[in-house]
Amino acid sequence: MAMLKLTQEGTRNLEKELQYLSKRKKECRNTSEKEFIHKRVSEIKDILAQSVTWPMVREPGYHVEPGSTITIEDTVYKEQYTYTIVHPFEADPRENMISVQSLIAKAAIGKTVHATFTVTVPFGEDLSYTILDIQNC
């Protein structure tokens, strides 16, 4: 299995959840809740065992990859967006952290600065973006 890449915050959050669930498991009397907690603890341990944590330092990148922070511009409306491409466990669009499985990330991965890419959206017009900046770990 491929090594998972997590941000430092993502690793910290999983470690905190693991600590919380381990304490909760000892207090829990409900069998179905215990079963859920046991499965989640096992899942988190597997994730952490298979993962590496990206360093905090970012440098200009040559191409978009998982872990990149990219600034893109809509080619029609000229609006700019900045996203960090993360593992699905960490994705949080409210924090501009998008999954590597998202349409934008899939279309951007492998592209370079100033490259234009198109995202085909279901039931809508295709969206076109230009990459303005790439920061990698």
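None of the figures in this text is laboratory data; all of them are computed from the coordinates on show. These numbers come from a predicted model, not from an experiment. When we count neighbours, we look across all protein chains shown, and the Cβ atoms used for this are built from the backbone with ideal geometry, even at glycine.
What to note about this one:
- Summed side-chain charge close to C28 - residues other than C28 whose Cβ falls under 11 Å, Lys, Arg +1, Asp, Glu -1: +3
- For the range 4-74, the set of chymotrypsin sites (Phe, Trp or Tyr not before Pro) satisfying both a DSSP loop assignment and a count of at most 13 other C-beta atoms within 10 Å is given as Y62.
- Using Cβ point charges alone (K and R +1, D and E -1), the dipole size of the range 4-53 about the Cα centre works out to roughly 200 debye.
- Global form of the range 59-136, assessed from the alpha-carbon gyration tensor, a/c cut-off 1.5: oblate
- Charge dipole (debye, nearest 20) of the chain; +1 at Cβ of Lys and Arg, -1 at Cβ of Asp and Glu: 860
- Label corresponding to Kirkwood radius over Cα pairs in Å when calculated from the structure given, among (1) 16.7; (2) 15.6; (3) 15.0: (1)
- Distance between the range 1-41 and the range 77-137 - C-alpha centres, whole angstrom: 29
- Lysine pairs in the chain with Cα atoms under 20 Å, if 8 or more residues apart or on separate chains: 20
- Where both bridge residues fall in the chain, DSSP classifies roughly 75% of the beta bridges as antiparallel.
- Using the rule -39500 (n - 2.57) for each DSSP H run of four or more residues, divided by the residues of the chain, the 222 nm mean residue ellipticity is -11000 deg cm²/dmol.
- Extreme residue, positive dipole direction of the chain, given options I85, I104, A115 (C-beta unit charges): I85
- If R0 is taken as 25 Å, the Cβ-Cβ distance between T116 and N96 corresponds to a FRET efficiency of 0.75.
- Full extension of the chain between E59 and E17 yields a length gain of 12.1 nm, computed as 0.36 nm times the residue separation minus the alpha carbon distance.
- Longest DSSP-loop-exposure-free segment, trypsin sites (Lys or Arg not before Pro), the chain, at most 12 other Cβ within 10 Å: 79-137
- Estimated dipole of the range 59-136 in Debye, rounded to 20 [Cβ of Lys and Arg +1, of Asp and Glu -1, Cα centre]: 140
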